[in-house]
1. Search segment 276-296 for residues that are closer than 18 Å to PRO51 by Cβ and pair each with any residue that is surrounded by fewer than 17 Cβ atoms within 10 Å (Cβ to Cβ) and among the small types (Gly, Ala, Ser) when their beta-carbon atoms are under 8 Å apart and the residues are at least 6 apart or on different chains.
2. Considering each residue of segment 1-13, count those that are more than 19 Å from THR70 (Cα to Cα), open to solvent by 70 Å² or more (accessible area, probe 1.4 Å) and in a helix (DSSP H, G or I), and give that number.
3. Being surrounded by fewer than 20 Cβ atoms within 10 Å (Cβ to Cβ) and modelled with pLDDT of 95 or more narrows it down to one residue among LEU334, LEU347; which is it?
4. Scan segment 159-177 for residues that are open to solvent by less than 60 Å² (accessible area, probe 1.4 Å) and at pLDDT 90 or above and jot them down.
5. Out of all the residues in segment 201-231, which are over 22 Å from GLN188 (Cβ atoms) and in a helix (DSSP H, G or I)?
6. Going by the structure shown, is PHE311 in a helix (DSSP H, G or I), of a type outside the set (Gly, Ala, Ser) and more than 17 Å from ASP238 (Cβ to Cβ)?
7. Residues that are among the β-branched types (Val, Ile, Thr), farther than 30 Å from TRP52 by Cα and part of a helix (DSSP H, G or I): does segment 161-181 have at least one?
8. I want to confirm something. Restricting to segment 205-222 and keeping residues that are open to solvent by less than 30 Å² (accessible area, probe 1.4 Å) and at pLDDT 95 or above, which single residue is farthest from VAL178 (Cα to Cα)?
Amino acid sequence: MTDERARGYHRLQLGLTLLALALGVAYLSTLLATGAGARLAARITEWTARPWLALAAMALAVGAGWRFLTLPLTWLAAFWLPRRFGLLHQSFAHWVWDAVKAGALGGALALAGIEMVYALLRWTPWWWLAAAAAFLLAAILLTLVAPVWLVPLFYRLEPLADGELRERLLRLGRRTGVPVLGVWVGDQSRKSRTANAAVTGLGRTRRIILFDTVVREFTADEIEAVLAHELAHHAHADIWRGLAVQGAVTLATFWLADRLLAAGAAGLGLAGPADLAGLPLLLLIALGAGVVALPLTNGWSRHVERQADDFAVHALGSAGAFVAAMERLARLNLAERDPHPLKEFLLYSHPAIGRRVARAQALTAGSHG
């Protein structure tokens with residue numbers, strides 16, 4: 001019954017995601033096809049001759065329309081549906097406040113990125129190379145400050161208080177040769193029953209964050225298994241590897257945008273790739289490139305997560321605690337144990353729970369065989 005509920009939940013979430021994607025594509029395409037985007041850009045340039053201010057107004061107008069169009073779907077996917085399936089117990093007011101913070105932060109970062117891209121478009125034909133480099137540097141900076149400045153906007157973080165458990169985890173770090181720089185606990189339980197853990201930050205800001213749902217619901221053996229998986233990301237330098245993959249995808253996206261913007265500007269009667277009226281086209285290109293790259297980046301992520309799973313099983317010496325932790329994660333997060341292989345290939349950043357469990361058991365059986 002639980003797996004059937006999980007399939008039903010994820011089927012509805014996928015439907016909402018695809019509908020939101022279709023609405024976004026239709027909205028941006030309509031702005032281009034009807035000339036509404038060009039008329040809006042003309043009105044804005046009448047209001048101000050400053051390129052950066054006109055671009056900010058254009059981006060805010062286009063973004064506000066997109067947000068308004070997809071707002072009901074966001075409510076359904078992020079609030080109503082998780083509450084309907086017992087995952088979310090956060091009040092609507094607190095959910096709205098979190099959404100406002102996330103929207104303001106994401107909007108500010110997006111606006112800064114758009115301003116930089118258009119400044120480079122006006123400055124050099126090699127804008128795509130400079131923009132990719134700048135985006136990579138920005139990603140490194142955000143990764144560095146995320147545990148200190150960004151995560152605390154949404155969670156109260158405290159060092160792991162359980163002295164016995166903390167000492168056990170420190171021993172695990174010493175045994176695997178991966179020092180534990182800090183294990184912090186985030187108060188997810190005030191929002192949701194879901195459980196997760198992550199390695200965040202770089203250098204002195206690097207730390208492991210556990211949701212308090214993990215600390216409360218998992219046994220000490222299972223928490224150790226979760227931490228062993230996260231330690232593997234430290235051992236394998238997965239944050240840096242992930243940044244490298246992200247940088248390569250960003251470079252390819254901007255290179256493609258350079259070609260398509262030049263062709264699209266001619267076809268749409270724009271003054272050039274840096275024409276303000278071409279912003280919906282740039283957003284369409286970025287959206288399309290993201291969809292095309294998703295299976296590639298997810299495939300890389302699944303590879304990294306399999307390596308971390310293997311590291312954890314070898315570090316623990318058996319699969320028992322790891323398998324139990326995976327089963328508990330699946331139950332708390334209402335995860336699909338065995339999704340269709342095509343769905344997993346296209347959409348999953350982690351191997352499916354059933355696949356992770358089977359691989360861990362096979363590793364243990366092989367080591368004892």
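1. ALA277/ALA42; PRO280/SER29
2. 4
3. Values: LEU334 fails: surrounded by fewer than 20 Cβ atoms within 10 Å (Cβ to Cβ).
Sole residue among the options that is surrounded by fewer than 20 Cβ atoms within 10 Å (Cβ to Cβ) and modelled with pLDDT of 95 or more: LEU347.
4. Correct list: LEU160 only.
5. GLY203, ARG204
6. No.
7. yes
8. Within segment 205-222, the first condition is being open to solvent by less than 30 Å² (accessible area, probe 1.4 Å), and the residues that meet it are 205, 208-210, 212-214, 218, 222.
Subset that is at pLDDT 95 or above: 212-214, 218, 222.
Details: ASP212: 23, THR213: 24, VAL214: 21, PHE218: 23, GLU222: 19 Å.
Per the stated criteria, the residue is THR213.
The values are calculated or read from the model by the stated rules, or taken from the named source; none is laboratory data. All of these numbers come straight from a predicted model, not from anything done at the bench. Cβ coordinates were reconstructed from backbone atoms using ideal geometry, including for glycine residues, and neighbour counts include every protein chain displayed. For accessibility, only protein heavy atoms count, side chains too; no ligands or nucleic acids. Shrake-Rupley method; radii C 1.70, N 1.55, O 1.52, S 1.80 Å.
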